[in-house]
Amino acid sequence: MNSASSKGKAREDAHWQLGWWELFPLVDGPRRPLEWSNSSVIYTAHPSQPVVVARHFPSNRQFFLPLPPTIASSPVSFEPPSVIRVSPGEDFLFAFTPSKEGPGIGCVWHKGFQIDSWTPMEWWNFAKGAGVVCAEWMFAERPWIVPESGPPFRLPPKGPTIPMNSPTLLLVTETHFLHVCVLPPTYPSMKVARMPLLQFGTASQGGAPPPPKPGQSEQQNQQQANEADKNNDMNPEDVPPSGKEGRRVCAHAAIGFSYNEPHFVVAMRSKYLPPQNLPRSNHGTGFDSMDIDLELNLRDQGTSGSGSSIGDLSMDWEQWGEDSTIDLTLVQFDFNGSMISLQGRPILPIFKPGSQLMDIRFFAVPPETALSSPTISRDPRRPGKEKEGNTDKGVLYLATTFMDFDDYSSLPKSEISLYTLGLSVTSPGRTPETQWVTRLEKTRTFDQGALAFLVPGPARGTALAGFLDTVGYTPRQSKKSEIPVGGISVLQLSTLFLLASPDLSNDDRWEHSRILSSPDGIGRDIPTGVVLSPNSALLCSISPSANASGYRVSIQSLPHRQPPPSQNPPLRSDLSRILAQAIFTRKSPSDVIHALTYKSVSLDTVSATFFGAASVLEANSVGLTELWVGEILGVATEVYLARAKASTDEAEEDALTECWKTAHDICSVGALNAVFEDCKEDLGYDLDAIWQLIGLTSWLIALLERISASDVDPLSYADAAVLLHLVHPYALKNLSTAVNHVKRFQEQVNQANPKTENALLSKDALTDVIDSSGIAVNGLTPLLEEFQKGAAQSPADELRRGLMSCSITPAVRPLARQAIDKILASPVINRPRLFIKSADLNFNLDPPPAESPPWDPNADVVSKGMLLRRPGGVNVVCVRCGGKSETIVQRNASTVVSLRWKPWETLWSSRCVCGGIWIRSPVTA
C-alpha cells in the first residue's frame with residue numbers, strides 16, 4: 001500500500017493506493033476455509049495449529065473442536081486444516097488437516113446437544129500429495145422459500161437422492177479422485193467408495209463383507225472392512241506419480257448440484273509441479289551453492305537421480321505452474337442403503353490460458369415458480385427444460401473468476417466467465433449421439449476495482465460480487481473505527497424465468513453496500529475466504545492480520561433492495577421475509593437479529609418486522625400457530641435484550657428490559673403448561689415430580705404478583721408490558737391454563753394423606769408458596785376466562801402488533817384498562833401480602849445492590865428451580881437470553897426422577913425455553 005499526503009486541507013487525509021502484490025493472495029493457492037453454520041457458528045482454521053476454531057455469532061463465544069487421537073498424539077507434525085465443511089443439519093463436520101511430512105488426516109466430528117459439544121467420530125489417512133482439495137455434503141432436505149408475495153413454498157430436490165439419516169460426504173483429492181463417504185444409520189462405521197475423475201470409470205462399495213474370523217462378531221467384521229476401504233488412499237493408483245516429468249495435481253475444485261437432477265458435476269483446475277525425487281539440495285538441482293569448489297559451468301554439472309540436468313530444469317521452468325484448462329466430470333451416484341454405486345463421465349474441458357484463477361463456483365438457479373409471460377420468447381441457444389409433470393430442472397451455472405497480472409507492473413484486470421452445461425448432438429447422421437458439453441454464456445471484464453469474491457446472491461438468479469477500491473483516503477481526524485475500502489454489488493446471472501440469455505450486468509433492483517476495514521488494515525484486509533450467513537443477510541470474510549490471532553474475521557452488510565413502487569397488496573419487507581423463512585427452515589435467525597439491533601433501526605421497524613413475519617407464519621401455520629408465535633417471541637427476546645444492553649438512555653433501557661422479560665415469560669408459561677400436561681395422570685399429577693412442580697408453581701405465583709403489582713401501581717397504569725398476559729389471546733390462554741394446573745395441583749396435594757417426611761414437607765412448602773402470596777388463585781380463574789372473551793372480540797392485527805412489540809400499544813390500551821379495573825374491583829389481590837414480603841422485614845442497614853442481573857444467578861432458566869452448582873460440574877448457558885440450566889446434567893444413579901418429568905426435561909436438552917441454543921460453561925463458585 002502506497003500512501004501520500006498534500007498541503008492545505010488535504011493534509012488532514014492520508015491517501016492510499018493498492019499495489020498488485022497486495023492482491024496476489026487472491027490467486028495464490030486455495031481460499032482459506034470458512035464456514036457459517038445454520039446455528040450461527042463460524043468455523044475456521046487456527047493460523048498455526050491443527051485446530052478448528054469455532055465462534056458463535058453474535059455472542060462471540062469461542063471454542064475449539066477436540067483433536068482426533070492421531071493428531072493429538074503429535075500436533076506439531078500437522079499444518080492447520082485446509083478444508084472445513086459442515087453438514088446442512090450441522091450434525092457433522094469434516095476437516096482435512098495436512099501433515100508436514102507424512103499422510104494427512106481427514107476427520108468427521110459428530111455434534112451433541114450443545115453447539116460446542118463435538119466428538120471425533122471417524123478419521124483416516126490421505127497419502128502425502130493426495131490430500132483433500134474440496135468437500136461437499138449431500139443432503140435430502142428441501143428448504144423453504146418465502147417470496148415477496150404469495151404463499152411460502154419448498155424448493156425441489158437438489159442433486160442425487162439419498163436416504164434420510166445417511167449423511168453423505170463428497171471429497172475431491174489432489175490426485176483427481178472422488179471419494180464418497182456414507183454413514184448409514186445401521187452400520188458401525190463409514191462406507192467409502194473411490195473413483196478417478198479424469199477418465200471414464202465406475203466404482204462401487206458395499207454388499208456382503210468377507211466372512212468373520214473366529215471369535216469376531218459380524219459388526220466388528222463390517223467395521224474392519226469399512227476401515228480398510230477408508231485407508232485405501234495408500235493404494236498405488238492413488239499415490240501421486242513421481243518422475244522427471246513432474247506431476248499434475250488438483251489445486252482448485254468445486255462440486256455442483258442441480259435441481260431435479262440425479263447427477264452432480266465436479267470442476268477441477270490443476271497445476272504442474274516439478275519432480276520430488278531430486279536430491280534435497282538447493283531445490284533439487286543436484287549441487288550445493290555453498291560449495292567453494294563448484295565449477296562455474298553449471299550446465300555441465302552432473303544430472304540428478306531422475307536423469308534431468310540442471311540446464312534442462314532451468315530451461316523448462318515455465319512449464320511448471322497453473323494448468324490452462326478446467327476439467328469437468330459428470331458423476332452419477334446411487335446408494336440403496338447398503339451399496340454405493342458411482343459412474344463418471346468426463347466432459348470436454350474449458351480452455352483458459354494466461355490469467356490466474358481466483359475461484360470456481362457453481363450457481364444452481366431453481367426452476368420457475370410462476371407462469372411464463374406469453375410475451376417473452378425463449379433464446380434458441382439455451383437448452384430446453386425437460387418437463388415431467390412438475391419437475392422443471394432450472395439451470396446450473398459454472399462461474400470462473402480470473403485475474404490477469406500481465407507483466408506485474410500495474411493492477412490486474414478481473415474477469416468473470418459464466419458457463420452452462422447441456423446435451424449436444426455430436427453426429428447428426430442416422431444414429432445421432434449426444435454428449436455433455438459446456439457453453440460459454442457471458443464474460444465480463446472489470447477494469448475499475450479489483451474483484452475479490454463472487455458468491456450466491458440474495459434473490460433467485462443473482463450473485464454478489466465484492467470489489468476492492470484501488471485508491472482511497474483515510475480521514476485522519478475521523479472518529480470512525482472502520483472506513484470503506486470496497487463495495488458489494490448484485491449481478492444478474494439470469495433474467496426472469498430463465499427465458500433469455502444469461503447476464504452479468506448490475507441488478508438495478510438492489511443498492512450497493514460498502515466493504516469496511518479498520519484504518520490499519522488497508523492493503524492487508526484482503527478477503528482470502530468469504531461465506532454467507534445462514535439466511536444470506538450478512539457476509540463473513542477472513543483476511544491475514546498482524547494481530548496476535550494471525551487473521552481477522554469481519555462481518556459485512558449486504559446490499560438492500562431498492563424501495564419498490566407502491567403496490568397493492570404491498571410486498572413483504574426483506575427482513576420479515578427472511579425471518580419467516582429462517583423459522584420455517586429451522587435455521588438460526590441470528591443474522592436477521594443482528595440487523596435489527598443497530599441503533600439506526602427504529603423500534604417501529606423492529607416491531608413491523610416481527611409483525612410481518614408473524615403474519616406469514618400464522619397464515620401458513622398448518623395447525624402450528626402457537627409454535628410459530630413462540631418462535632417469534634424467542635427472537636423478540638434476543639433483539640430487545642441486545643438493544644437494552646446497548647441503550648444509553650435509562651428510560652429506554654428500562655422499557656426494553658420489560659419488553660424482553662415479558663416475551664421470555666410468555667415462552668416460560670408455555671413450557672410450564674407442557675410439563676404439567678406431561679405429568680398428568682388419571683387422578684391428578686405424578687407426585688414423584690412434586691418438588692419440581694412446586695418450583696414451577698412458585699415461579700408462576702411470582703409472575704402473577706408482578707402482573708397484579710403493575711395493576712395497582714398508578715405510574716404504570718395500563719402501560720406495563722407485563723399486562724400483555726391479560727390482553728393477548730395467546731398469552732392469556734397460556735396463563736389461564738397454567739393457573740388451572742396450579743389450582744388442581746394444590747387440591748391434589750391438600751387431599752393427599754402424607755405418610756412420609758418428604759410428603760409432609762412438600763405439602764407445607766406448596767401451602768406456603770400459594771397461601772402466603774398476594775394472589776387468590778381460586779378467584780383468578782373466572783376473571784381470566786372473562787378476559788379471554790373480551791380479547792377474542794378485539795382486532796386480530798392490533799393484538800398481534802402489540803404482542804410483536806412486547807408492549808401495550810394505544811389500540812389495546814382500553815382492553816388493558818378494563819382488565820385492571822376488574823382485578824382491582826375483585827378480592828383476588830391481598831395488598832399487604834403483595835407489597836410486603838418477609839425478606840423486606842429484614843432490618844439490615846446494608847443498601848441494596850445498584851443493579852441486579854437479568855436472571856437470578858441461582859435459578860435454573862428451564863425448571864425454575866435452584867442450580868445445584870456441583871463442584872467440577874458443567875452448566876449450560878443460553879446464547880440468546882443468558883439463562884443457565886442443569887437440565888442435561890447427569891444425575892446420580894440413586895436419584896429418583898419421575899418418568900413423566902424426564903421426557904419434558906430432555907426436550908430442553910438442545911435449546912432454552914426462549915429457543916436459544918446452549919453452550920457449556922464450567923460451574924463457578
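The values are calculated or read from the model by the stated rules, or taken from the named source; none is laboratory data. Note that the coordinates shown come from a computational prediction; the quantities given were computed from them, not determined experimentally. When we count neighbours, we look across all protein chains shown, and the Cβ atoms used for this are built from the backbone with ideal geometry, even at glycine. These area figures cover heavy atoms from the full protein model, side chains too; ligands, DNA and RNA do not enter into them. Shrake-Rupley method; radii C 1.70, N 1.55, O 1.52, S 1.80 Å.
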Kindly indicate which of S590, S615 is among the hydroxyl-bearing types (S, T, Y) and more than 22 Å from the chain's Cα centre (by Cα). S615
Is there any pair with a first residue in the range 143-156 that is free of Cβ contacts under 8 Å to residues at least 40 places away in the same chain and assigned to a strand (DSSP E or B) and a second that is of a type outside the set (F, W, Y) and open to solvent by 40 Å² or more (accessible area, probe 1.4 Å) whose Cβ atoms are under 6 Å apart and which are 6 or more apart or on different chains, and what are they? R154/R142
Can you tell me how many residues within the range 665-715 are more than 16 Å from E747 (Cα to Cα) and of a type in the set (S, T, Y)? 3
What is the number of the single condition among (1) assigned to a strand (DSSP E or B); (2) of a type outside the set (G, A, S); (3) within 16 Å of the chain's Cα centre (by Cα) that P120 does not meet? (3)
Do we have any residue at all in the range 39-47 that's aromatic (F, W, Y) and assigned to a strand (DSSP E or B)? yes
Scanning for something within 30 Å of L899 (Cβ to Cβ) and of a type in the set (D, E), does the range 626-643 turn up at least one residue? yes
Name the pairs whose Cβ atoms lie under 6 Å apart, with the first residue in the range 582-597 and over 17 Å from W628 (Cβ atoms), the second in a helix (DSSP H, G or I) and among the charged types (D, E, K, R), and 6 or more positions between them or separate chains? T597/R643
Here are G429, G384, G354, G394: which of them is at positive phi and either at pLDDT below 75 or open to solvent by 70 Å² or more (accessible area, probe 1.4 Å) (or both)? G354
Residues that are of a type in the set (F, W, Y), more than 18 Å from the chain's Cα centre (by Cα) and open to solvent by 10 Å² or more (accessible area, probe 1.4 Å), drawn from the range 123-154: W123, F153
Being more than 28 Å from R361 (Cβ to Cβ) and among the polar types (S, T, N, Q) narrows it down to one of N60, N38, so name that one. N60
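Taking the range 314-330 as the region of interest, how many residues are open to solvent by less than 40 Å² (accessible area, probe 1.4 Å), at negative phi and modelled with pLDDT under 90?
Here the count works out to 2.
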Assuming S621 fulfils every condition listed in (1) surrounded by 17 or more Cβ atoms within 10 Å (Cβ to Cβ); (2) farther than 24 Å from T906 by Cβ apart from one, which condition is it? (1)
Looking at the range 666-688, is at least one residue aliphatic (A, V, I, L, M), in a helix (DSSP H, G or I), at pLDDT below 90 and open to solvent by 40 Å² or more (accessible area, probe 1.4 Å)? yes
Starting from residues that are of a type in the set (A, V, I, L, M, F, W, C) and part of a loop (DSSP other than H, G, I, E, B), keep the ones in the range 157-203 and report whichever is farthest from P367 (Cα to Cα). M190
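Can we say V53 is open to solvent by less than 10 Å² (accessible area, probe 1.4 Å), free of Cβ contacts under 8 Å to residues at least 60 places away in the same chain and in contact with a strand residue (DSSP E or B) (Cβ under 9 Å, 6 or more places away or on another chain)?
Working: open to solvent by less than 10 Å² (accessible area, probe 1.4 Å): yes; free of Cβ contacts under 8 Å to residues at least 60 places away in the same chain: yes; in contact with a strand residue (DSSP E or B) (Cβ under 9 Å, 6 or more places away or on another chain): yes.
For V53, the condition - open to solvent by less than 10 Å² (accessible area, probe 1.4 Å), free of Cβ contacts under 8 Å to residues at least 60 places away in the same chain and in contact with a strand residue (DSSP E or B) (Cβ under 9 Å, 6 or more places away or on another chain) - is met.
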Checking the conditions here, which among L633, L672, L624 is touching a Gly at 6+ places or on another chain (Cβ under 9 Å), within 23 Å of L726 (Cα to Cα) and of a type outside the set (G, A, S)? L633
Which of the residues spanning the range 636-658 are hydrophobic (A, V, I, L, M, F, W, C), under 27 Å from the mean Cα position of the chain (by Cα) and within 15 Å of V722 (Cα to Cα)? A636
With respect to the numbered conditions (1) open to solvent by 10 Å² or more (accessible area, probe 1.4 Å); (2) in contact with a Lys or Arg (Cβ under 8 Å, 6 or more places away or on another chain), which one is the sole condition not fulfilled by P69? (2)
For the range 589-600, indicate whether the set of residues that are open to solvent by less than 20 Å² (accessible area, probe 1.4 Å), modelled with pLDDT of 90 or more and not in a helix (DSSP H, G or I) is non-empty. yes
Got a number for residues in the range 331-347 being modelled with pLDDT under 90 and aliphatic (A, V, I, L, M)? 2
Which one of the conditions (1) modelled with pLDDT of 60 or more; (2) part of a loop (DSSP other than H, G, I, E, B); (3) among the small types (G, A, S) does S424 fail to meet, given that it meets all the rest? (2)
If you go through the range 165-175 one residue at a time, do you hit one that is over 21 Å from G104 (Cβ atoms) and surrounded by fewer than 17 Cβ atoms within 10 Å (Cβ to Cβ)? yes
Among the residues of the range 838-858, is there at least one that is modelled with pLDDT of 75 or more and under 22 Å from L696 (Cα atoms)? yes
If we keep only residues of the range 397-416 that are hydroxyl-bearing (S, T, Y) and surrounded by 14 or more Cβ atoms within 10 Å (Cβ to Cβ), then the residue farthest from Y259 (Cα to Cα) is S414
Do you know which residues across the range 528-561 are open to solvent by less than 50 Å² (accessible area, probe 1.4 Å), in a loop (DSSP other than H, G, I, E, B) and either under 24 Å from T597 (Cβ atoms) or at pLDDT 90 or above (or both)? S533, P534, N535, S536, A537, L558, P559
Among the residues of the range 136-150, how many are hydrophobic (A, V, I, L, M, F, W, C) and closer than 20 Å to V182 by Cβ? 4
When every residue in the range 113-139 that is touching a Lys or Arg at 6+ places or on another chain (Cβ under 9 Å) and of a type in the set (G, A, S) is compared, the one modelled with the lowest pLDDT is G129
